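The values are calculated or read from the model by the stated rules, or taken from the named source; none is laboratory data. As the structure is a prediction and not an experimental result, all values here were calculated from the model. In this analysis, Cβ positions are derived from the backbone assuming ideal geometry, glycine residues included, and neighbour counts consider all displayed protein chains. We work out accessible area using only protein heavy atoms, side chains counted, and drop any ligands, DNA or RNA first. Shrake-Rupley method; radii C 1.70, N 1.55, O 1.52, S 1.80 Å.
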Amino acid sequence: MKRILLIGGGRGGASLFDVLYNTAYTKVAGVVDINPDSPGCRKARNCNIPVFTEWEQALQDLAHLDAVIEVTDDYALYEQVKRKLAGRPVSIIPSSVASILFYLIEEKEELLYEKTQHFSKLELILDSTHDGMIAIDQNEKITLINKRAEEMSGLNKEDIMGTEISKVLPTSELPRVLHTGKTEQNRRQVIQKNRSIVTTRMPIKDGNKIIGALGVFKDITEIEEMAEEVTNLKSVQTMLEAIIHSSDDAISVVNEEGKGLMINPAYTRLTGLTKEEVLHKPATTDISEGESMHLQVLKTRKPVRGARMKVGPKKKDVLVNVAPVIVDGTLKGSVGVIHDLSELETLNTELERAKQIIRTLEAKYTFEDIIGQSEEFTFAIEQAKMAAKTPVTILLRGESGTGKELFAHAIHNASDRKYNKFVRVNCAAISESLLESELFGYEEGAFSGAKRGGKKGLFEEAHGGTIFLDEIGELKSQTQAKLLRVLQEKEVVRVGSTKTLDIDVRVVAATNVNLEKMMNTQEFRSDLYYRLNRMPIQIPPLRARKEDLEKLCRHLLTKLNQDYGRNVEGLTEEAVAHLQTYQWPGNVRELENVLGRAMIHTHFSVHYIDKEHLPRFSDLIPQENQTESIFENGEILSLADQMKEKEKQIIAEALSVCNGNKTKTAQALGLSIRNLYYKMDKLSIKR
């Protein structure tokens, strides 16, 4: 390595310093300049190289030198240095030779700059193209990759330049082109898991010699996805058309301008119009009478339901439902579904006939379905069985929820009328203005809205069978009079008619009110009461037959298991005992509700309902503290008696909460202890 001293640190010296410093065969031993802040001196100091202001001092301090380069253009200085080094094996290069080196270096830098600029522009162009490009040399090493290729392949230029392509992109086929020398056009290739490309590969030649290969490719992933979406849309369109064409309902579709877009075969069958007569024609084309609902919907953007009109040359009477078709907030058209009213009338007739058939099947319970073994309840069942064998009118009495309708079903099924109709009528559920026409029927034109041809009454429909009149106490005076005539004369007169119709109907009535008291207040006719009360059957409340509670629970659980899809086998002894402490004002109906709620709140794995599963009702209080119902033997208790029972209930509950502590109870109720004892004795509350 040659040790060189530079005399002169100006622009030329600084350029020579860069070349000599970066050359492996030379080493800059020092730099001399009268200006210690010259460019050459600054570079030397940055590289830890000695800097001198006197050249003689430099020659003295630097013991071993191979060459001295003078770049000051001072010939006298050159001669001085030459004389000083005379006899020493040190080469002296004058500034004239150094200037040639300087100019050569400048020219080289300019050429390098131009090439760099040219390469930068080429690289900018390559990076700006939407196509990906990868090139390899004859050793299969990557020499070029643009930004688009980096994005599509997931590679990084800095990491892969000079790397064999098979190591970073195994799916590349460029090495094959390198060996075959043949161009491959528009070849599909997968370069990532979800990235597909179409590539053209070509060899790079220098004359006849192959020096590399270039691949240019386009990303077709989005194109394939779009093609798949188009295919899916076509499939959906085909499916929708198939659905519309297979529908038995006539369907008509128009565009946003109100011109026919699509119809189905059912539409042609209904209207008698073909595609050629409807498609691309105004929406009014098919209307014989009425306004176009399509145009109305397109104008208002709101659906229309149940519009009546006539369509087609045959003026078919139809019912139309039309709805707008809105896509992304833009109105695209409307679709209409057309129903033939003649078919609807046929369906309505069939529905009425089906209702009549169903009515014959509505008596679905027998005496085997009535659960109870208590003495009073068994007596009621025996009475009902005996009465069922006769045509006598039966009056079922009992509180709500005791099973009066169940008895009515069983009586019908135990009679010789069981194969005839069983018609149920809830007198409280039908308004007074309609009840008479429903019970006895009406003639055509009897009142506004009367059905053409008139209508049979429920008594006529029940001819030969049984009619169950529930809530009989709700009948008004006028209807009571007509019902009395039916019971006495066995005939009915339709509303709006004078003609009598003979009927053979077994009447079973039911009530939970005190008819005797209603007779006294003139709310219920006494003659009708005596007609109905020929065979009264009193059904006891659940609180009067608590020995039947466990058996009733098992029966109700079987029904609830079917309704809720559960498998509850029964109740624990604690649960049954807890239920028996309640008075059950809602009777069996309330019991079913309680069991149903308990079943809903238990886990599917629970097979027995325990006391903890039962709902916590505010009115579920011990029997000994339970107040009596406001009814007693059908009579309403006086207000004083009811207040007395309520006071008894309040004191008993307070004692229970205070665990029997009389002092705390008196304080809680705001009473003196003496007054509390007085009330307990008066109300017969145990101390």
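Tell me yes or no: at least one residue of segment 307-320 is outside any strand (DSSP E or B), free of Cβ contacts under 8 Å to residues at least 12 places away in the same chain and farther than 21 Å from Ile244 by Cβ.
No, that holds for no residue.
Rundown of residues vs (1) in contact (Cβ under 8 Å) with a residue 24 or more places away in the chain; (2) in a strand (DSSP E or B), yes/no style:
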{"residue": "Gln383", "(1), (2)": "yes, no"}
{"residue": "Met386", "(1), (2)": "no, no"}
{"residue": "Pro391", "(1), (2)": "yes, no"}
{"residue": "Leu396", "(1), (2)": "yes, yes"}
{"residue": "Ser400", "(1), (2)": "yes, no"}
{"residue": "Leu406", "(1), (2)": "yes, no"}
{"residue": "Ala410", "(1), (2)": "yes, no"}
{"residue": "Val423", "(1), (2)": "yes, yes"}
{"residue": "Ile430", "(1), (2)": "no, no"}
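Please work out if Lys551 is modelled with pLDDT of 90 or more and loosely packed, with under 13 Cβ neighbours inside 10 Å. Full working, then the answer.
Values: modelled with pLDDT of 90 or more: yes; loosely packed, with under 13 Cβ neighbours inside 10 Å: yes.
So Lys551 fits the description; yes.
Yes/no per residue for (1) open to solvent by less than 10 Å² (accessible area, probe 1.4 Å); (2) basic (Lys, Arg); (3) under 52 Å from the mean Cα position of the chain (by Cα):
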site: Ser431; (1), (2), (3): no, no, yes
site: Leu439; (1), (2), (3): yes, no, yes
site: Thr466; (1), (2), (3): yes, no, yes
site: Thr500; (1), (2), (3): no, no, no
site: Val508; (1), (2), (3): yes, no, yes
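Counting only residues that are open to solvent by 50 Å² or more (accessible area, probe 1.4 Å) and under 40 Å from the mean Cα position of the chain (by Cα), which one in segment 269-280 is farthest from Glu343 (Cα to Cα)? Even if it seems obvious, please write down each step before you answer.
The first filter runs over segment 269-280 and keeps only residues open to solvent by 50 Å² or more (accessible area, probe 1.4 Å), leaving 269, 274-277, 280.
Next, from what is left, pick out any that are under 40 Å from the mean Cα position of the chain (by Cα): 269, 275, 280.
Values: Arg269: 13, Lys275: 23, His280: 29 Å.
Per the criteria, the residue is His280.
Condition check ((1) not in a helix (DSSP H, G or I); (2) not β-branched (Val, Ile, Thr)) across all residues:
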position	(1), (2)
Pro540	yes, yes
Val568	yes, no
Ala575	no, yes
Pro585	yes, yes
Arg589	no, yes
Failed item, numbered, when Phe631 is tested on (1) at pLDDT below 85; (2) exposed (fewer than 14 other Cβ atoms within 10 Å of the Cβ): (2)
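Looking only at segment 510-538, how many residues end up being outside any loop (DSSP other than H, G, I, E, B) and surrounded by fewer than 20 Cβ atoms within 10 Å (Cβ to Cβ)?
13
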Unique match (being within 27 Å of Thr511 (Cβ to Cβ) and of a type outside the set (A, V, I, L, M, F, W, C)) among Arg543, Arg597, Arg566: Arg543
Enumerated helices (runs of 4 or more DSSP H) restricted to segment 93-200, each holding at least 1 residues that are modelled with pLDDT under 85, of a type in the set (Val, Ile, Thr) and open to solvent by 70 Å² or more (accessible area, probe 1.4 Å): 95-128
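Hey, among Glu405, Glu362, which residue is at pLDDT below 85, in contact with a strand residue (DSSP E or B) (Cβ under 8 Å, 6 or more places away or on another chain), under 26 Å from Glu592 (Cα atoms) and surrounded by 13 or more Cβ atoms within 10 Å (Cβ to Cβ)?
On inspection, the qualifying residue turns out to be Glu362.
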Tabulated pairs, segment 659-687, first aromatic (Phe, Trp, Tyr), second open to solvent by 90 Å² or more (accessible area, probe 1.4 Å), C-beta under 9 angstrom, 6+ apart or interchain: Tyr677/Arg687
The one condition in (1) in contact with a Lys or Arg (Cβ under 7 Å, 6 or more places away or on another chain); (2) open to solvent by less than 20 Å² (accessible area, probe 1.4 Å) that Asn321 fails to fulfil: (2)
Given (1) under 24 Å from Gly445 (Cβ atoms); (2) open to solvent by 10 Å² or more (accessible area, probe 1.4 Å), index of the condition Val492 fails: (2)
Pair list, Cβ < 8 Å and 6+ apart or interchain, from segment 251-272 residues that are touching a residue at least 12 places away in the same chain (Cβ under 8 Å) and of a type in the set (Lys, Arg) to residues that are surrounded by 21 or more Cβ atoms within 10 Å (Cβ to Cβ) and not in a loop (DSSP other than H, G, I, E, B): Arg269/Ala250
Answer residue from segment 288-306, given it is part of a strand (DSSP E or B) and within 18 Å of Asp249 (Cβ to Cβ) and is most open to solvent (accessible area, probe 1.4 Å) among those: Arg305
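Right, Thr268: in a loop (DSSP other than H, G, I, E, B) and of a type in the set (Val, Ile, Thr) or not?
Numbers: in a loop (DSSP other than H, G, I, E, B): no; of a type in the set (Val, Ile, Thr): yes.
The answer is no for Thr268.
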